[in-house]
Amino acid sequence: MSRRFDSIPIIDVDRLFDGQGAARDAVDAEIGRACEEIGFLVIAGRSLAPLSARERIADLLRFFDLSEAERRPLARQRYVAENANIYRGYFPVMNGERTFKEGIDIGPEFAEGDPRYPVSDPLVERNIWPEETRLPGWRREVVAYYADMEALGARLMQSLARHLGLAEDWFAPAFEGSNSTLRLLHYPVRTPRSLEGVDESEAFVDTPAGRAALIAGAHVDSGNLTILHQDGVGGLQAQNAAGEWVDVPPLPGSFVVNLGGALQRWTNDWLKATTHRVIGRTQERYSVPFFFEPAVDAEIACVPTCGAPRYAPVRYGDHVTQAMQRFVETRGVAVG
């Protein structure tokens with residue numbers, strides 16, 4: 001069963017884990033309808049509890065206990081010129097930008113020479129890890145969480161495939177060699193200095209609860225599928241069909257799921273990638289998004305059940321590299 005919270009569907013997905021037949025079909029239909037009409041949903045249920053346990057998320061966020069000096073060797077070359085990493089690694093808070101956040105991007109761990117991971121591609125890059133003595137067990141926890149999110153992403157893609165009238169494993173070959181990204185984010189309270197050079201219309205928004213700072217500007221995700229753990233502070237908003245901003249509830253034990261532009265293209269606009277933003281007031285905010293992505297060499301071509309193609313096939317890595325130039329933290333990654 002599901003209920004609605006300010007037009008954002010909240011769907012119990014337990015039947016995706018332990019059911020078949022009519023019960024699972026009903027969940028598929030709810031997920032599919034949300035992806036067609038809104039492009040945003042909250043998934044909940046007892047099956048998700050181990051994945052979203054407060055203690056587990058807190059362990060991941062220990063990264064932000066590192067000092068500035070300890071984060072420096074992990075930073076991207078754009079921020080620390082002597083570092084070699086360009087795509088993976090740490091990005092600091094930047095003043096003078098609409099977005100006000102810091103974080104670290106972590107990709108897959110893969111064996112040397114694995115042909116599914118062409119290291120010549122700017123999106124395929126080794127992870128940069130902090131010293132184990134400084135964050136004991138952190139790397140192990142990150143790798144385990146990454147694997148769990150990949151499994152959840154695959155289950156959601158199976159559900160969408162069934163909803164689209166495809167074999168449930170139709171999307172699976174594209175995710176052999178998945179180049180998914182786990183991102184840990186910290187949004188500090190916006191400072192006056194951070195707003196220097198930012199147009200006021202892009203820095204603040206009026207809401208029913210009063211004026212709020214914009215800490216992540218309105219955007220559509222560029223990739224395939226985002227699975228997000230929010231903290232209890234909230235601030236995430238999605239834009240509905242009427243152009244109104246709707247709060248996405250930070251419910252304990254849940255994940256927010258939203259679609260990226262690649263999945264909208266893949267389904268010939270049947271499923272919707274929705275504009276969203278993050279607002280902040282007087283509390284810092286943390287979130288843990290997982291971007292479930294195909295292999296960089298996967299071809300994104302309109303699925304056969306979605307009508308006459310509106311888009312030409314495209315290599316996934318090329319699509320994402322072009323699209324992410326509009327984001328401050330990925331701007332400048334080489335375009336192939």
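The values are calculated or read from the model by the stated rules, or taken from the named source; none is laboratory data. Small disclaimer: the values here were computed from a predicted structure and weren't measured. Cβ sites come from the backbone with ideal geometry, for glycine too, and all protein chains shown count toward neighbours. Note: areas computed on protein heavy atoms with side chains; ligands, DNA, RNA excluded. Shrake-Rupley method; radii C 1.70, N 1.55, O 1.52, S 1.80 Å.
Values for this structure:
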quantity	calculated
Length-normalised contact order of the chain in % [C-alpha pairs under 8 Å, at least 6 apart]	21 percent
Ordering of 247-260, 8-21 by burial proxy (mean other Cβ atoms within 10 Å per residue, highest first)	247-260, 8-21
Cα-based Rg / Dmax (Å) for region 233-317	16.0, 49
Fluctuation leader among Gly210, Gly234, Gly89 - the chain, Gaussian network, Cα springs under 10 angstrom	Gly210
Solvent-accessible area per residue for region 1-85 (1.4 angstrom probe, square angstrom)	51 Å²
Hull-based mean projected area of region 95-136, where the convex hull spans the alpha carbons, in square nanometres	5.1 nm²
Cα-based convex hull, region 238-277, per residue volume (Å³, whole number)	79 Å³
Protein accessible area in region 201-336, 1.4 Å probe - carbon and sulfur %	52 percent
Largest to smallest principal axis extent of the C-alpha atoms in region 1-129, angstrom	57, 39, 30
C-alpha center-to-center spacing [region 22-70, region 92-171] in angstrom	14 Å
Exposure ranking of Met149, Met94 by accessible area [1.4 Å probe, largest first]	Met94, Met149
Computed over region 2-71: relative contact order in percent, which uses C-alpha pairs under 8 Å that are six or more apart	32 percent
Rounded percent of accessible protein surface that carbon and sulfur make up, region 92-181, 1.4 Å probe	51 percent
Evaluated at q = 0.31 Å⁻¹: base-10 log I(q)/I(0), Debye formula over Cα of region 205-260	-1.41
Heavy-atom surface of region 218-282, accessible at 1.4 Å and reported per residue (Å²)	32 Å²
Calculated diffusion of the chain, Stokes-Einstein form, Kirkwood radius summed over Cα pairs, 20 °C and 1.002 mPa s, µm²/s	104 µm²/s
